[in-house]
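Every number in this text was worked out from the coordinates using simple rules, so none of it is lab data. The model shown is predicted, which means the values in this text are computed figures rather than measured ones. Methodologically, a virtual Cβ is constructed for each residue, glycine included, from the backbone with ideal geometry; neighbour enumeration extends over all protein chains shown.
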Amino acid sequence: MSTMIDSAEGRALSSTIVESRDQLVAYIESGAKPRDTWRIGTEHEKFGFDLKTLQPIPYAGPSGVHAMFEGLKRFGWQPLQEKGNTIAMAMDGQAISLEPGGQFELSGAPLHTLHETCSEVNTHLAQVKEVAAEIGVGFIGLGFHPTATRADFDMMPKPRYDIMKAYMPTKGGKGLDMMFRTCTVQVNLDFGSEADMVEKFRIGMALQPIATALFANSPFREGKPSGKLSLRSDVWTDTDPDRCGNLPFVFEDGFGFEHYVDYALDVPMYFVHRDDQGYIDTSGQSFRDFLDGRLPGYPGHKPTLKDWDNHLTTIFTEVRMKKFLEMRGADGGPWARICALPALWVGLLYDQMAQNAALDLIRGWRATDVDALRNAVPEQGFATPTPDGRTVRDVAADMLTIADRGLAARAKIDGMGQDERHFLGTLRHMVDENRSMADELLEKYHGPWNGDVSRVFSEYAY
């Protein structure tokens, strides 16, 4: 479930020419799995910063991203290169990759339990912390960088980002902020059938704003309060309307794999990649034309399944489908909250009774209601009114009750006799206190920090 494709699968996808829309539908549909083979894939991003200057770390140099990669080799991570630069590392089904501004991302292996997920997170962060300390670097989990400007970030040497950087400003005012100044944590989940996918997609889309409020952790911009609790989430509202936000058709009768493929075919492309040519700029062009062999940027050629897989990764909706579903609404955060995000969604969606209860929770919600929630939550957080006349905090409490029951039903026990429910503890505490991580940071800013946002680096770094 990791976004990392192994070499054998990659070769197979790259060699399979797509001749029809039906192949694209079949590719996504092939992700359906029996319940006992469902896995959990967690991805999380974090900002690196120089311990002396608190500035974002560059790619090169003794305190840069490349030095981090070199240090991580001792743990068995294998470098992956592009044009002579190490741009990712891989080990045991996991991958470490780079966002455009050097944000470090772990794409976890597909795992059976949340205990395994949290062990993976703990191991990764411990390794990162060890290497970082040796080169004078720290890492922190926040949804939006609290102090840096766009100009403070070094562009990572990945050619696809050159294409995106040029295209983003043509579509929205905050796309470059998304690329360079945001971090997220997300979970990738399996589905059992088309009907199961539809239910999970609807629940995920409707309740994603609630997750945004629960994980809101980005109240600052360039050293000052931004007026938002989740500035990261707000940034996505002005990034690219062709590929971001909610999908109203998910709530319509007849939604399924074919409908999603038709939507994805009309999302403008970014690029085509060929080993012998590198990245070919096809930004703004149509995958439908590619399917017909009429792509202006690559005329006379038809796509492969690898092209389709790549294209699906350039869709940035609040829930995204590939051969699994990705829940994408959360800010990056502290160590414990990385484990809480998959716990929330696994509890809701990996037990049928819990999934049924989650469907009841959103019964009667319309696509317009979800849009209203999505637009209000970045600023109002827990206080946001919900379609049923309550508040986001009320719905969050119900979500946690359902997730708790779902995790109890899974009965996945660790070596100390605990099931997976304890990973929800940090979220319960926030709902009980009616205070998100962003609220906590703002209280400190206006209180003991005396307006000094830089204190966040010393108090909240991993």
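Key figures for this structure:
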| read-out | value |
| --- | --- |
| Taking the chain and dividing mean pair separation by its residue count, relative contact order in percent (alpha carbons under 8 Å, at least six apart) | 21 |
| Over segment 164-320, relative contact order from alpha-carbon pairs under 8 Å, at least 6 apart, % | 22 |
| 10 °C / 1.306 mPa s Stokes-Einstein diffusion coefficient of segment 237-299, Kirkwood radius on C-alpha pairs, µm²/s | 119 |
| Pair-distance profile P(r), taking every C-alpha pair of segment 87-180, with 10 angstrom steps and integer % | 13, 38, 33, 15, 1 |
| Fully extended contour minus Cα-Cα distance, from residue 52 to residue 253, at 0.36 nm per residue | 66.8 nm |
| Proxy reagent accessibility, fewest Cβ within 10 Å first, across 43, 222 | 222, 43 |
| If the convex hull is drawn through the Cα atoms of the chain, its volume per residue in Å³ | 137 |
| Segment 146-228: relative contact order in percent, alpha carbon pairs under 8 Å with at least 6 residues between | 49 |
| Cα centroid of segment 371-388 to Cα centroid of segment 181-246, whole Å | 12 |
| Two-site label geometry, residue 368 and residue 119: point separation in nm, points 7 Å out along Cα→Cβ | 5.1 |
| Paramagnetic reach from residue 418 in segment 126-158 [backbone N under 14 Å; point 7 Å along Cα→Cβ] | none |
| Distance histogram in 5 Å bins (all Cα pairs of segment 159-299, percent per bin) | 2, 8, 14, 16, 17, 17, 14, 8, 3, 1, 0 |
| Proximal charge balance of residue 332 [Cβ under 11 Å; K/R count +1, D/E count -1] | -2 |
| Under the Karplus curve 6.51 cos²θ - 1.76 cosθ + 1.60, θ = phi - 60°, whole-Hz ³J(HN,Hα) for segment 85-98, x wherever Gly or Pro sits | 10, 6, 10, 6, 9, 9, 6, 6, x, 9, 9, 10, 10, 10 |
| Alpha-carbon gyration tensor eigenvalues x 5, square-rooted, for segment 300-364, Å | 30, 18, 11 |
| Whole-Hz ³J(HN,Hα) from phi, Karplus 6.51 cos²θ - 1.76 cosθ + 1.60, for segment 236-246, glycine and proline x | 5, 6, 9, 9, 6, x, 6, 9, 10, x, 9 |
| Nearby lysines by direct alpha-carbon distance to residue 174 (threshold 30 angstrom, same-chain neighbours under 8 apart not counted) | 46, 52, 83, 158, 165, 200, 224, 228, 306, 322, 323, 444 |
| Proximal charge balance of residue 292 [Cβ under 12 Å; K/R count +1, D/E count -1] | +2 |
| Label-point separation in nm, residue 411 to residue 30, each point 7 Å along Cα→Cβ | 3.6 |
| Distance (nanometres) between label positions extended 7 Å along Cα→Cβ at residue 294 and residue 60 | 4.5 |
| Residue-by-residue Karplus 3J(HN,Hα) for segment 274-287, coefficients 6.51, -1.76, 1.60, Hz, glycine and proline x | 10, 4, 8, 10, x, 8, 9, 6, 10, 4, x, 8, 9, 5 |
| Principal axis dimensions, largest first and in whole angstrom, of segment 217-376 by Cα | 49, 45, 29 |
| Modelled FRET efficiency - R0 22 Å, residue 151 with residue 449, Cβ distances, 0.05 increments | 0.30 |
| Value at 222 nm in deg cm²/dmol, rounded to 500, when DSSP H runs of n ≥ 4 in the chain each add -39,500 (n - 2.57) | -13000 deg cm²/dmol |
| Nonlocal amide H pairs with residue 221, under 5 Å, H built at 1.01 Å | 226 |
| Amide hydrogen neighbours beyond the local backbone of residue 77, cut-off 5 Å, H modeled | none |
| Span from the segment 74-145 Cα centroid across to the segment 407-462 one, whole angstrom | 21 |
